[in-house]
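In what follows, a structure is listed as structure tokens, so that the remarks can point back to it.
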Amino acid sequence: MSRLTGAVLGAVILTGVACTEGDQSTSGSSASPTAVMSPTPTPTPLPKLPLSEARLAGRYNVKLYVTANTFDSKPIQQQEFRFVPRCDQGACDASVIGTMEFGHGLADRQSAGAEKRFDIKLASLGRSYRGTKVGFWASCNDEPDKDRWTFAIKVDRAKYIDDAWMVVRWSGTWTRSAIFAGACLPGHLRSVIRGTLDRS
């Protein structure tokens, strides 16, 4: 056998081996079946409830606008109130708690011992809340004196937060009046208040 014939024969044998290995690799593999994906279920939207069913709870950033005032002191515009419901869920009576921050007349109030912190129960009246309480929030000369505070607010907006229907915005009024027993003249204050839920 000549060298040329042997080379050609070797090439044929090698080519056959390569084809055989390729056939074995192809025949040994099996095509995987196409996976059938189930459609993702669309979440059921939560029902939009009346504002009267929204829960008044948590801290609210408050803007206070004084419209009439005969007291020597005046509260500042930026306040913070906290509402504590008297039930486990839903809308119900709540306590409004805070520390009324005063600007003008603050030093005189402090030296006289007038209280800053308040805790007043508000009755739930559907979409509205109202409550009145008398405390030593006023001052006459160098002594604290009784002052009647009234909060009256209504729910303006609510939304779901962690699956709970919550009050996120409200507005209303805060009024105070004092009929002093001493030499001081009676005092009256009326203000408009607006609160927005603090989610920080």
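Read-outs: derived from the displayed coordinates by stated rules, not from any lab. Keep in mind that this is a model prediction, so the values were computed, not measured. With ideal geometry, Cβ positions are generated from the backbone for all residues, glycine too; neighbour counts draw on all protein chains shown.
For the stretch 63-78, backbone phi angles converted through the Karplus equation (6.51, -1.76, 1.60; θ = phi - 60°) give residue-by-residue couplings of 10, 10, 10, 6, 9, 7, 7, 10, 6, 6, 9, 9, x, 7, 6, 8 Hz, Gly and Pro being listed as x.
Selection among Leu106, Ser139, Ser52 by position relative to the dipole of the stretch 44-200 gives Ser52 as farthest towards the positive end (Cβ unit charges, Cα centre). Close amide H contacts of His104 (hydrogens built in the peptide plane, cut-off under 5 Å, sequence separation of 5 or more or a different chain): Lys74.
Projecting the Cα atoms of Ala94, Cys184, Ile161 onto the dipole axis of the stretch 51-197, where Lys and Arg carry +1 and Asp and Glu carry -1 at the beta carbon, places Ile161 farthest toward the positive end.
The charge dipole of the stretch 67-199, taken about the Cα centre with unit charges on the Cβ atoms of Lys, Arg (+1) and Asp, Glu (-1), comes to about 540 debye, rounded to the nearest 20. Distance from the Cα centroid of the stretch 123-200 to that of the stretch 59-107 is 6 Å (rounded to whole angstrom). Annotation: amide H-H contacts under 5 Å for Ser139 (H modelled 1.01 Å from N, sequence separation of 5 or more, or interchain): Asp145. Only lysine pairs 8 or more places apart, or on different chains, with alpha-carbon atoms under 14 angstrom apart are counted in the stretch 51-197, and they number 6.
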